[in-house]
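Engineer: Attaching a single structure in structure tokens format; questions to follow.
The values are calculated or read from the model by the stated rules, or taken from the named source; none is laboratory data. From a predicted model like this one, the values you see are computed outputs, not experimental measurements. We place every Cβ from the backbone using ideal geometry, glycine too, and count neighbours over all the protein chains shown. For the accessible areas, the whole protein counts, side chains as well, though only heavy atoms, and no ligand, DNA or RNA atoms are used. Shrake-Rupley method; radii C 1.70, N 1.55, O 1.52, S 1.80 Å.
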Amino acid sequence: MAYNEFDDIENLESNHVAFDFKGFLFKVINLWKFVLLCIGAALIIAYLLNVRKQNVYKLDSLISVENDQNPFFTANTSISFNWGGVSGKMGKTITTLQTRTHNEKVVDSLQFYMDYLVEGKYRKIDIYKQAPFFVALDLTKPQAHGRYIGVRFVSDTAFEIFTEFEGTSARGQRYDTKEFVSITTPSGSFTKQYAIGEPIALPFFSGTILLRKDRKVKPQTEFYILFKNFDAVVNSYKSRVGVGAFNKTNSPVLRLSLAGTNKAKIVDYLNTTAAILSRTELERKNLYATNTIKFIDSSLAEVDTSLKDFTKEMNAFRKKNRVFDVGAEMTDISSRLKGFESQKEVEQTKLNYLNRLETYLRTKTDYTNIAAPTSVGISEGNILSSVGKITNLAIERRSLEYTTREESEIFKNIDRQIDAEKNVLLETIKSTISTINTQLNTINRNIANMDAKLSGLPEDQQEYLKIQRKLDISQEAYDVYMNKRSEAAIVKAANISDITIVDEAKDIGGGKIGPNKSLNYMMGLMLGFFIPLFLIFIIFLLDNTIHGSDEVEQLSSIPILGLIGKYKYHNNLVVFEKPKSAVAESFRAIRSSLQFFYKNKLKDEKEGGKTIMVTSSVSGEGKTFCSINIATVYALSGKKTILLGLDLRKPKIFDDFNLTNEVGIVNYFIGDSTFDEVVNNTNIENLDVVTSGPIPPNPSELLMSDKMAPLIQELRKKYDMIVLDTPPLGLVTDALELVQYADASIFMVRLDYTKKGMLQLINAKYRAGEVKNISIVLNFYKHKTNHNYGYGYGYGYGYGYGVYGNAYHEDSNKSLFKKVKAFIKSI
């Protein structure tokens, strides 16, 4: 063979790993039934999802976040409150709506941990307020989790509670404390009748069933109550509530949205969450005013006590002493003294407030309970500003505690701001206290001077004036505190929340967002098409079996001698017993190709019979079948032919000719018989057969014996065609020992069975010169296989005694499983 043929083989082996798109396309086309079946199955699944899945709706509402000024808070109001501003409120509001604490309040107020259900076509359906009754729960008792508690109305005034338990215990939850408890349940079925409005006290359910207003029940209608984990429900709504800006501008309007299967529940949740948010914001906004009112109330109580004491003292003095008049001059001095004492009272009140504030700042960490400094008449701008800033920062910190970790940088920043402002405030308090003490010293000196001027009066008159001054001062202080309290109460009562509902959630029809039936069908169509395509692609990549002649041409430059179609028959004598069959015609075509081969390749060879060696890579590829029928087709053409069974390890050719394998060529090699004694005449004219004989322990050595070459020489003289049935080339080396005696070699490739790697093996041997004049015959050829690489699942081969198969015999008595498998392969 020329060297360029070897180069062709090497190029083929190096290039065959490229992806064969054409082959993949033909395989997909061949499996169009499978693809169509997958598409149909996917569309059916999409249809079932569409009819079984509940409709999903999405509704929304709008709320406004603004700094609403109190209409009663004017420049003339003596008490000053820092209500905060709109700056940063949008972010805080969004954060609050997504906190667990806020959603717990909403779920708790709506009791969404309890579902009202009816039996639907595919599942139990949540009917919420459409149920003709509602349950007034006993929150102090546990309710069983995850159990469908049935309610069957037996009349207009009575109903049955029914359910079923597998064991004697279940998990329950108290919805007042939210704690979980283990409850004892009746085992098996449970049924008990109650009157409407009668309290129910069961281990797994406690409450009272009441009819909704203007609602009637039909006898024998059944409903179900389901209690769920409170924390799980809160987490569900917390993750599903959507909060975002209404538009991209600096609008103070937020959009709240929620999706679910029950529109009435969505409406109630959105409206309730907005209402609770507004109420919570108002409480936060009123916190400063509330603390101020508490402080005024405590101071007012002390003044009221003093006023009562001084009034009693004056009454007692008047009973004991006669009423007398005091001169105008002394009255004026007393009046001035009262003024100084009133100033002292005011300054002392301020001093007491500042001392308490200083102690509070140094000993407390929660600064949300500071009263307004203006409530005691402090108008120092630095103190008012610092107290307002500290209070706002403390409130902001408290609101973040539910959503932010304690070690967060946000908390550290707020704490730094509070500490800085607190240090400034403490210094301001220190200097203010010093100023007040100076004023008190001046006032005390003035009081001492006035007392000295009154010392000339009789003691009873001095006592009278002293009591009168105390009484007047207490009365004035009481009036001042009462006025301030009234102002604070009016401002608080008239205050409005910064959160207002712009557009309530409402079910006006529509809002459906799922299931998207068209999308489901489209997804089903795509998945039904691409999933089988992907599977086919994977199988195509992993499949290393030869399926068509074009694959052989791609993998090897060894010429294809002929094609043998798949034909079911009970033995291997197809050419002899079915001479008009397509398989018989295939072997005649192979005979013609061999004749052409002999004329061109062996024209310079010496005269005599021609030898043909038939081999394969592994067992089951049709080697023996091909040997028998090639020998037969030559014999029927008038050529004197002999078939030698040289597969000494797995002899098979004897059975088709109704011969025994007791004596064969092995006996000739070991000298037990002459060659004439091992030759068998057959019922096919011109065809003799030599079986293998008993299986020897050393088949390779026998084939390499000195008798082999003379035997072939002798047979060339006696026969026109010598067909050598050899062992598989890919498993043992026996066939290589016989190559030297072959004028032509046939390598059998069974489609959907032979592995691609075996062609690499024969290519390597061909390139190394170990085999010569070799051609390939394709067995089990199907016309469609050559173009679309149809399926060929499974293989099993080996070599040794009793290991490899039944040549070309077909089992006509196939099991049902094998028939189904064959049908799947056929599609």
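Engineer: Using r as the Cβ-Cβ distance of Asn229 and Thr365, and R0 as 25 Å, what FRET efficiency do you calculate, to the nearest 0.05?
Structural biologist: Details: r = 34 Å, r/R0 = 1.37.
Plugging the Cβ-Cβ distance into 1/(1 + (r/R0)^6) gives 0.15.
Engineer: Also: Against the 2.2 N^0.38 Å scaling, with N counting residues, where does region 171-221 land? I'd like the Cα-based Rg ratio to two decimal places. Please report the intermediate quantities before stating the final value.
Structural biologist: Values: Rg = 14.2 Å, N = 51, 2.2 N^0.38 = 9.8 Å.
My calculation over the Cα atoms of region 171-221 gives 1.45.
Engineer: Could you report region 196-325's accessible area per residue, 1.4 Å probe, as an integer in Å²?
Structural biologist: Values: 6730 Å² over 130 residues.
Heavy-atom SASA per residue in region 196-325 reads 52 Å².
Engineer: Next up: Starting at the first residue of region 548-558, write each ³J(HN,Hα) from the Karplus equation 6.51 cos²θ - 1.76 cosθ + 1.60 with θ = phi - 60°, in whole Hz, x for Gly and Pro.
Structural biologist: For region 548-558, the Karplus curve yields x, 5, 5, 5, 4, 5, 6, 8, 8, 9, 5 Hz.
Engineer: Something else now. Using θ = phi - 60° and the Karplus relation 6.51 cos²θ - 1.76 cosθ + 1.60, list the HN-Hα couplings for region 624-633 in order, rounded to whole Hz, with x at every Gly or Pro.
Structural biologist: 3J(HN,Hα) across region 624-633, in whole Hz: 5, 4, 5, 4, 4, 7, 5, 4, 5, 5.
Engineer: Please count, across region 539-642, the pairs of lysine residues with Cα atoms under 19 Å apart that sit 8 or more places apart or on different chains.
Structural biologist: Lysine pairs meeting both conditions in region 539-642 amount to 16.
Engineer: Show log10 I(q)/I(0) for region 558-628 at q = 0.12, 0.23, 0.28 Å⁻¹, two decimals, from a solvent-free Debye sum over equal Cα scatterers.
Structural biologist: Debye curve over Cα of region 558-628, log10 I(q)/I(0) at q = 0.12, 0.23, 0.28 Å⁻¹: -0.39, -1.16, -1.40.
Engineer: Which residues' amide hydrogens lie under 5 Å from the amide hydrogen of Gly514, considering only partners 5 or more residues apart or on another chain, with H built in the peptide plane?
Structural biologist: HN-HN under 5 Å from Gly514: Val56.
Engineer: For region 538-665, what is the convex hull volume of its Cα atoms per residue in Å³?
Structural biologist: Values: hull volume 20.0 nm³, N = 128.
Per-residue hull volume (Cα only) is 156 Å³.
Engineer: While we're on this one: Work out from phi, with θ = phi - 60° and the Karplus expression 6.51 cos²θ - 1.76 cosθ + 1.60, the ³J(HN,Hα) of each residue of region 207-222, listed in order in whole Hz, and give x for Gly and Pro.
Structural biologist: For region 207-222, the Karplus curve yields x, 9, 8, 10, 7, 6, 4, 6, 10, 10, 10, 9, x, 6, 7, 10 Hz.
Engineer: Which of the lysines could be linked to Lys228 by a straight reach, that is with a Cα gap under 22 Å, when you skip same-chain ones fewer than 8 residues away?
Structural biologist: Lys53, Lys105, Lys124, Lys129, Lys141, Lys178, Lys238, Lys263, Lys265
Engineer: So how compact is region 679-788: Cα radius of gyration and Dmax in angstrom?
Structural biologist: Rg, Dmax (Cα atoms, Å): 16.4, 49.
Engineer: Along its three principal axes, how long is region 235-302 when you only count alpha carbons? Whole Å, largest extent first please.
Structural biologist: Extents along the principal axes: 59, 31, 19 Å.
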